[in-house]
Structure formats: C-alpha cells, structure tokens
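FYI, it's all coordinate maths here, none of it is from the lab. These numbers come from a predicted model, not from an experiment. In this analysis, Cβ positions are derived from the backbone assuming ideal geometry, glycine residues included, and neighbour counts consider all displayed protein chains.
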Amino acid sequence: MFFEHIYEKGLSMGSYLIGCQATKESIVIDAKRDIDTYLEIAKKNNLKITHIAETHIHADFLSGSRELAAATGAKMYLSDEGGPDWQYEFPHTGLKDGDVIKVGNLSFEVIHTPGHTPESISFLLTDHPSSEEPVMIFTGDFVFVGDVGRPDLLEKAAGISGTKEEGAKQMFEALKKFTVLPDFVQVWPAHGAGSACGKALGAVASSTVGYEKARNWALQFGDDQEEFIEALLDGQPEPPKYFAMMKKLNKVDRPLLTELPKHPKLSKNAFLDYIQKGVKIIDTRDKFTFAKGFIPGSYNIQANNSFSTWMGWCMDFDEDFVLIAEDEKMEDLTRKLMRIGLDNMKGYISDISELGIEIETADIIGIEEFKTLAQNADAQLIDVRGESEYKDCCIHGSDNLFVGTLQNNIDKINRDKQLIIYCQAGDRSSIAFSILRKNGFRNIKNYIGGMKEWNENSEPVVTKSQIAYH
C-alpha cells in the first residue's frame, strides 16, 4: 500500500493519496484545488489516480475534486447521505452507509458520521494483502486529534437556523460508531490545529482510536448526551465569513480551474489606474514594514499561514483586488487564494516607493505607553480577538470587537475618542488598524505586543470567572 498525507498549513487541512502498488490504482480523499500536488505524487510513484472521494461538503476550502476528475478522468465518490438538502448537484457516484469503495487490493468502507454536517461520512480502510482488519479511518471533520467537528457551522456560517443542537445530537450518536472500532486503527482527519472547524484540535497529524478514546475530551461523557451537547457548543471560534460561500460552491456546478493561474506584475501606471478605480489593495508585507509606510486605504493581511483565512474574512467573492507582495511569495499566495476561490486578483506590485504617491504610517506603541493611555477616560480600548479568547482573559475596560466582523460594527466605535487596539500578538490588530483607517478613523494606537506580551509581564487581567463583574 502507498500512503501520503498532504498537509496545507495555511488552512490546517489534510488530504490523502492512497494507492494499491500491485494494481497501480489510487484514490485521493478531500483534495485541495491546486491539484498539481496530487498529479506529481502519483507520477513519481507510478500510480494512476482512479478514484476521488470527499468526507463531506467542505466549508473552509474550495474542494479540488472536480478539477482532479477533469484532469485525470477518475470517478468521484461522494456522500448521498444527509437528506435532499445535502446532495451534490453534479454527476458523481453516490455513497451510503455501508458501501465499499475498492481501489485495487484496498477497500474503503463508508460510515455515515453526521454531526459536523448531515452528509458527513468517514472511510475505514482495509489493506487486504496485509490483514483483514481495518488499519486506518479517514474521518474528515468528524473526529480530529483531541477534538470533534463543530455542529454549529451550518447555523453560524450558512445561516441555517436551528441546526446546531440537532447536529450535536447526531455527533453524540455517531461517536458510538467510532468507539467500537479496534483501538489500533489509525485516525487521519481533514484538519489540524489552527482550523476553525473545531475548538481544540491537536497539533499532531494523526492519532489512533484507542488514544482518542482515552484523551479526546469529547469521548469522556459516557451516556450523558445533555452534558456533551453543552460542552460541544460552548466556546467555538467565529466561523470565517467565506465559509458560507464554500458550502455553496462545493455543492453546485461551477467553473473549474485546473492549472495554477499566472498573475501579472503590474506597471506603475496600471497599478495607479486600479487605485483610481477603487479596486481593493491588499498589502501582504509584515506588520512592522506596513506600519512604516502604506498606501492609504490598503488592508494589511500578511503573507503568513493565516493569509487565506483573513482574506476570506475581508473579501467578497465578486470583488477585484491587487496585492503588494514580494516576487518570491507570489506562487504561495496564489495557491492560498485559489484554495478559497478568490480568483479576481488583477496583479501585484512589490515596491510602493516607485508609485510617487503620499504614504501614511501607523502608530505602534509599547506596553508602557499602552498602560498610560488605557487609563485615559478619553480613550476606547478595543480587543479585536475572538469572543472565546476575550472571555477567557482580557484587559479591564476593553471592548471586544472581533476583527473579522469589525467592518459591521463600526458604529460601536466612538470617533471622538483615542482608539487603542490590540489582539494576541499584533497580526490581527494590524488588520484592524487598516480597516479602521479605511473607515476614516485617524486617532488610532496599535499595541502590537498584545495579550502575549501583557501576560508575559504578569499584568492584571479579567478572567472568565470575573467577566460578569467586568
């Protein structure tokens, strides 16, 4: 048996290529959209991609299953579970609980594991030449290392009300199918630490059924369904805005993109013309470089592992945009954009000093100045982290306005006050700064050390037990 785990750090997503080395057939599970990765792996290992499968209709990335099928001629095997509202709307081979996919001498048993989504399935792999016992289970967003899939995405991201409690009940029942599997079966999920598809995902790539039964918090409730549901729904992070669009695009027929696009490096005049037309400018430079000089109206979304997520929060899918980025980072950024369907990038520049326009600077402050300013009655202190982070530990007197929804909460900010913003370590507060400046706020101080530095200095905080008082 051939096995390769393909992990994409930006979205903390895992996909898999598994092959039968005797027959040279192989299957890809939960493919990302830049499919050249799988084609290269298959070619290098003398395999042919003959099967393509998904664990569920993904919310956090644009699936590459259809692109991969177009490029290889492989058949797509997708869930037909979940009822009429959760059916893929393009041709595929439908899967139901108990079905078996055969890939050469390998077999993948389909297990319906709803909870995260109604149509969710897992694949239990048996490598028959080695053993008639199963060896791996590909769980998608059902069971993670140390966590299980959140059941509230349909309600919070897709706007389908009343689904989170039902999803939690389904998850409780589905976990019973997991716990009866042999302890030695390896668990390979679709996401790791950093994904918004759960709240406590582990940083290691895989686990075993036995380990999860012993250590996964969600498997410690016995028969107490009510307590499990309460714990599962509590403290889930904010689902990025783009998740709803991913759900839609992964379900319906859509245009395909089978090759990595090439975006032009723009001339000075071309870039200035886009600025004149009001095209959104995304500055991917690091937060300190951005602070020293940026184009008015630009958004600082750094070219790091979180680039895709924050682009998904800040961009609409019909918006044109241009980037400020280093040449050597463009392929990686293009892949990150492609994976969430942001295909309207018109080009990029690397050096803003050649544009001949007046640039602005951001006011970054250190911890001592922050403490002084925060005591001023004329200041508004804004914590732009997520709600669960804020409730766990925050600075007294601060207001929580999450950066991802900041644009929708501008009316909660006092334009007459000195604004002081912070997050955990400065990345999100730099995004927040650029959003606020774009909306006309001028008197903004960015405490870039954030809660990380604050806690390292043992400064006083308000904790969850004190939040009512705060």
Ranking request for peptides 35-43, 202-210: highest mean number of other beta-carbon atoms within 10 Å first, then the rest in descending order. 35-43, 202-210
In the neighbourhood of G162 defined by beta carbon distances under 15 Å, the net charge of the other residues (Lys, Arg +1; Asp, Glu -1) is -2
Under a crude label model (7 Å from the Cα following the beta-carbon direction), how far is A203 from Q21 in nanometres? 3.2 nm
Would you mind calculating the gained length between K248 and T463 on full extension (0.36 nm times residue separation, minus the Cα-Cα distance), in nm to one decimal? 73.6 nm
Per DSSP H run of n ≥ 4, the term is -39500 (n - 2.57); total these for the chain, divide by its residue number, and report the mean residue ellipticity at 222 nm rounded to 500 deg cm²/dmol. -7500 deg cm²/dmol
Given R₀ = 45 Å, FRET efficiency for E166-T289 by Cβ-Cβ distance, to 0.05? 0.40
For the stretch 70-196, what is one quarter of the convex hull surface built on the Cα atoms, given in nm²? 9.2 nm²
If each of N105 and I367 carries a label point 7 Å out from its Cα toward its Cβ, how far apart are those two points in nm? 6.1 nm
What trypsin sites (Lys or Arg not before Pro) does the stretch 400-430 have in DSSP loop regions with at most 16 other beta carbons within 10 Å? R415, K417
Output for the stretch 61-169: GluC sites (Glu not before Pro) sitting in coil per DSSP, at most 14 other Cβ within 10 Å, listed by number, reads E89, E132
Filtered hits (lysines, Cα-Cα < 19 Å from K268, offset >= 8 within chain) -> K277, K280, K346
Among residues other than M451 whose Cβ falls under 13 Å from its Cβ, what is the net charge (Lys/Arg +1, Asp/Glu -1)? -3
Which of the following values of Cα extents along the principal axes in Å was calculated from the structure shown: (1) 69, 64, 48; (2) 70, 56, 38; (3) 65, 53, 41? (2)
Counted charge near S298, where neighbours are those whose Cβ lies closer than 11 Å (Asp, Glu -1; Lys, Arg +1): +2
19 Å Cα-Cα threshold exceeded, pairs from K9/K336; K9/K248; K169/K251; K43/K336: K9/K248; K169/K251; K43/K336
What distance in nm separates the two pseudo spin-label positions at F3 and D316, each 7 Å out from Cα along the beta-carbon direction? 4.6 nm
Net length gained if the chain between E226 and N46 were fully extended (0.36 nm per residue, minus Cα distance): 59.7 nm
Rounded Å value of the spacing that divides the Cα centres of the stretch 1-68 and the stretch 102-166: 16 Å
Packing-based order for 326-335, 14-23, using average beta carbon neighbours within 10 Å, highest first: 14-23, 326-335
Taking a cut-off of 18 Å between Cα atoms, list the aspartates and glutamates near K417, but don't count ones fewer than 8 places away on the same chain. D363, E369, D378, D383, D399
Once you keep just the Cα pairs under 8 angstrom separated by 6 or more residues, what percentage relative contact order results for the stretch 250-316? 23 percent
Highest to lowest packing among 52-63, 270-281, scored as the average C-beta count within 10 Å: 52-63, 270-281
Residues of the stretch 1-28 with amide N under 13 Å of a point placed 7 Å along Cα→Cβ from K177: none
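Once fully extended, how much extra length lies between W217 and K452, figured as 0.36 nm per residue of separation less the alpha-carbon to alpha-carbon distance? Don't skip to the end; give the middle numbers.
On the way: separation 235, 0.36 × 235 = 84.60 nm, distance 2.60 nm.
Separation in residues times 0.36 nm, less the Cα-Cα distance, equals 82.0 nm.
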